[in-house]
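The values are calculated or read from the model by the stated rules, or taken from the named source; none is laboratory data. In this text, all values refer to a predicted model and were calculated from it rather than measured experimentally. Quick reminder, even Gly has a Cβ in these numbers, built from the backbone with ideal geometry, and neighbours come from all protein chains shown. Protein only, heavy atoms only, side chains kept; ligands, DNA and RNA dropped before computing areas. Shrake-Rupley method; radii C 1.70, N 1.55, O 1.52, S 1.80 Å.
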Amino acid sequence: MGRKNFVLDTNVLIENPDCIHNLRNGDENNIFIPYHVLIELNSLKTNPRLRHIVSRVVDTLLANKEIIQFIQNDSSVSPFTEEVVDNFILREISAAQIDSPILVTNDKILRLQAGLTGIDSEELRDSRPFESDSQRYTGFLDATEPRMDNAFSWHEGKPMFHGTDGDELITYQMNVWNVKPRNVYQNLALMLMQREGIDLVSIQSEAGYGKTYLALATALYLALERKLYEKIFVVKPLIELGTKMGYLPGDVREKMEPYVKYIQDLLLKLHGTRPANRIFANPGEELLRYNPKRFEILPLAYIRGMNIENAIVIVDESQNLSRTEMRALLTRMGENVKCFCLGDTRQVDNPYLNDSNNGLNWIVRKLKGFPNYAHIVLKGDRSRGPITDMVLKAKL
């Protein structure tokens with residue numbers, strides 16, 4: 001097969017910045033970038049949802065500028081107009097007189113337009129969308145990666161844990177507060193959270209894989225059964241989905257109730273599995289009223305100025321915290337504190353954050369390799385139920 005001349009559209013670079021290397025296939029093919037793709041990237045760099053990906057695209061272009069051919073024509077310096085940018089790109093391809101150019105784009109309208117002007121086109125195949133650090137680093141190391149504290153590798157089909165005091169083959173199943181894991185990843189998460197010497201654990205997964213449930217079960221086990229900690233804190237950023245509810249009446253606990261109802265439900269479920277009476281103020285009468293000496297749900301604003309000691313802290317939806325907020329939270333933690341940071345960087349609801357600059361991703365990026373930190377990505381076929389399974393498999 002002869003040498004191919006690929007012309008890349010903006011959307012495929014945003015979809016996967018590494019497509020330059022994939023399509024070039026060593027030194028087999030040529031890569032062209034129209035000038036108006038650069039202009040379009042420049043217009044997207046202020047988009048809070050895309051600017052981290054645009055930055056990565058630009059870094060990739062700069063690192064590979066020797067192997068990329070940038071094309072333009074006399075109209076390339078015209079003012080950028082989003083509605084007609086595709087027309088400029090097609091003119092730049094035609095003016096470059098490339099031998100049998102192939103426009104690579106996921107824009108179906110542009111593919112139709114290219115066909116009308118006699119330019120062949122195709123979609124980007126085998127695309128790997130942008131992944132945050134918390135998604136790429138799953139807690140498992142490849143065979144080529146150097147050993148890292150509190151990480152795993154596969155050994156004859158079984159997970160090998162690389163602890164600070166040596167390696168351990170995990171062949172046992174955890175049972176924490178009568179909660180049994182549904183798959184190997186949940187089992188490893190339970191092991192990490194209750195393991196002595198690991199103070200901070202971050203857990204990344206899509207919705208429904210039991211992050212909060214496993215964290216609450218571990219907190220009850222460590223605080224009530226083993227009595228290693230005096231209190232459990234749950235920290236929750238207050239980000240609303242959809243239409244705002246507006247002002248909520250009542251005290252702090254009453255204002256928080258709409259945001260933490262799912263935590264109450266999970267606690268009641270765990271209480272049904274095994275009694276956790278000391279968590280509630282009046283067990284048997286008003287289970288939903290917590291014992292403030294043993295369990296407390298806090299909005300993030302209440303953390304500043306606190307000094308947390310002898311406690312377990314669960315930070316739920318930590319992808320909705322900024323780097324500054326996460327730093328302020330973690331620096332509140334004193335002696336004998338274990339912290340679980342849970343979230344999914346693909347579900348960032350904070351309008352000022354994205355899947356790269358959020359608190360959960362910063363934790364993984366900066367703390368990976370520390371001897372008292374561990375991270376794991378939960379996977380598996382089963383989640384909270386068959387409808388969730390269907391949604392996840394269909395990638396709705």
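General observations
- Residues of region 138-195 classified as closer than 12 Å to Ala374 by Cβ and more than 25 Å from the chain's Cα centre (by Cα), total: 1
- The set of residues in region 302-318 being among the β-branched types (Val, Ile, Thr), touching a Cys at 6+ places or on another chain (Cβ under 7 Å) and over 15 Å from Leu228 (Cα atoms) consists of Val315 alone.
- Enumeration of residues in region 187-204 that are surrounded by 24 or more Cβ atoms within 10 Å (Cβ to Cβ) and not hydrophobic (A, V, I, L, M, F, W, C): Ser202, Gln204
- All helices (runs of 4 or more DSSP H) inside region 312-396 with 2 or more residues being surrounded by fewer than 19 Cβ atoms within 10 Å (Cβ to Cβ), without any contact (Cβ under 8 Å) to a residue 40 or more places away in the chain and out of contact with any strand residue (DSSP E or B) (no Cβ under 6 Å at 6 or more places or on another chain): 323-330, 386-394
- Residue that is modelled with the highest pLDDT [pool: residues in region 64-83 that are within 31 Å of the chain's Cα centre (by Cα) and open to solvent by 40 Å² or more (accessible area, probe 1.4 Å)]: Lys65
- Among the residues of region 140-183, the ones that are touching a strand residue (DSSP E or B) at 6+ places or on another chain (Cβ under 8 Å) and within 30 Å of His271 (Cβ to Cβ) come to 1 in all.
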